[in-house]
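*Asks:* Once you've had a glance at the structure underneath, I'll fire off some questions.
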Amino acid sequence: MEAGKSNQNPGKKPGGAATMDHVLLALRETKEERETRIRNLFEFFDNSNSGYLDDTQIEKGLSSLRIPPKYKYARDLRKACDVNRDGRVDYEEFRRYMDAKELELYIIFQAIDVHHNGDICPDELWEALVKAGIEISDKELASFMDHVDKDNNGIITFEEWRDFLLLHPHEATIENIYHHWERVCLIDIGEQVVIPDGISTHAQRSKLLLAGGLAGAVSRTATAPLDRLKVVLQVQRTKAGVVPTIKKIWREDKLLGFFRGNGLNVTKVAPESAIKFAAYEMLKPIIGGADGDIGTSGRLLSGGLAGAVAQTAIYPMDLVKTRLQTCVSELGKTPKLWKLTKEIWIQEGPRAFYKGLCPSLLGIVPYAGIDLAAYETLKDLSRTYIHHDTGYEPGPLIQLGCGMTSGALGASCVYPLQVVRTRMQADSSNNTMRQEFLKTLKGEGLRGFYRGIFPNLFKVIPSASISYLVYEAMKKNLSID
């Protein structure tokens, strides 16, 4: 036994409140050894030998540790350490954070280690997750254990537990710890085309759906005037400019005219997201096999098919929205929703609610594929020409910019299908997709397939930005890590 180390059982539950002496005992370290370890970690981040850490240095350190870009906690970690709030962290602040964090991790480790033998076994971890209301499969439990259990002996020691969570600046609750593992180990932002993986049956799914639903509702309401303008331009077969169309909408319904149909547009956000998530989870094992590993192409296919299922389910709402946005006001009054729906049912039959579904479904997978390819290309270009470091992961603002650009490109490529769909929805005749396509081509040429594209592109930046800001704010308020 080395000098300064206790010969007590490190797994024995401490009598009374836990202290740093208990932490040292569990780690089998002396105070001097621990001080050296923390100093070395500080110097790892402080590669410029400046004597302090800022957001950039912490960000680079986390990148070196291969933490996925979206789930780096550079700013949060700096704030957790920065006691005097001067925007940077000196060694004393860093060490105080380490003291508090290791003690906090020791306390929850002891709570999970119900047998008090100094380690966490799979059964103890599973029981802790269940008590926290988190459902987890045997495969995910094994993956959790494998990721934390570095020596692969089937148990998690406190040292392994500490190494996994030491730089995670948020409160060490079992929910936060699980979601930290889930995000760091399961989700790859580069493949996040339609639905992020790893949030299917767990406690946070409803919160993510709520956050995403509210973000979608706010962004759609904010960009509703551009959506109305786009739809009106899409159905016009004669040459009409943006300004004359804006004047026409204002003349008919004033300001409220620009928000016509937005209620339905917002209403369909929640069911569409819920159906998409459910369909995606059912398709994953079918496409990926028993192990559920589907890869990029599998995720693209699963997401595309899930999007098709969701689109089909809510399509009648989409058709009624288009009719509401394109019909002429009667004596300055907007048609009633129920009356318009009833007229479609009586005059055109139930099949009318699915007019234009075919071009809508045909555009889903190409859009996702183009969006993904463009997103990855733009990220690579940002690494090369902005950061001049191919191993550096772009920050959230650059990722948002890449996402907006790739989304605009994907939408432009499948826009002709969107025009055909909108025209089929607005038309009370029974034209097929082929007939509508030929009618547009003969009457208006190729330009006819891009009517309304400018309002559509102008929607991308505010829509994506508002969605991002509201989503992040909701995640914070709902305590989604």
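The values are calculated or read from the model by the stated rules, or taken from the named source; none is laboratory data. Worth saying up front: this structure is predicted, and the values here are computed from it rather than measured. Cβ coordinates were reconstructed from backbone atoms using ideal geometry, including for glycine residues, and neighbour counts include every protein chain displayed. These area figures cover heavy atoms from the full protein model, side chains too; ligands, DNA and RNA do not enter into them. Shrake-Rupley method; radii C 1.70, N 1.55, O 1.52, S 1.80 Å.
*Asks:* What ³J(HN,Hα) values, in whole Hz, does the Karplus curve 6.51 cos²θ - 1.76 cosθ + 1.60 give for segment 48-61 when θ = phi - 60°, with x put for Gly and Pro?
*Replies:* 9, 6, 7, x, 8, 10, 10, 4, 5, 5, 5, 4, 5, x
*Asks:* Quick one: 3J(HN,Hα) in Hz for segment 240-250, Karplus 6.51/-1.76/1.60 with θ = phi - 60°, rounded, Gly and Pro as x.
*Replies:* My calculation for segment 240-250 gives 9, x, 5, 5, x, 5, 4, 4, 5, 4, 5 Hz in order.
*Asks:* Calculate the spin-label point distance for S428 paired with T238, positioning each point 7 Å from the Cα along the beta-carbon direction, and give it in nanometres.
*Replies:* Modelled inter-label distance: 2.0 nm.
*Asks:* Right, here's the next one. When the chain is fully extended, how far beyond the present Cα-Cα distance does E104 get from R75, taking 0.36 nm per residue of separation?
*Replies:* 8.4 nm
*Asks:* How much length, in nm to one decimal, is gained on full extension between D138 and I287, taken as 0.36 nm per residue of separation minus their Cα-Cα distance? Before the final figure, lay out the partial values.
*Replies:* Values: separation 149, 0.36 × 149 = 53.64 nm, distance 1.99 nm.
Difference between extended and current length: 51.6 nm.
*Asks:* Please report the relative contact order for segment 25-145, taking Cα pairs under 8 Å with a sequence separation of at least 6, and give it as a percent rounded to a whole number.
*Replies:* 17 percent
*Asks:* Under a point spin-label approximation (7 Å from Cα along Cα-to-Cβ), what is the N117-R447 distance to one decimal in nm?
*Replies:* Taking the simple label geometry, N117 and R447 are separated by 7.9 nm.
*Asks:* Just by accessible area at a 1.4 angstrom probe, what is the order of M282, M20, M98 from largest to smallest?
*Replies:* M282, M20, M98
*Asks:* Separate question: Considering only Cα-Cα distances, which of the following residue pairs are longer than 23 Å: K276/K321; K268/K459; K230/K439; K101/K139; K254/K459; K230/K321?
*Replies:* K101/K139
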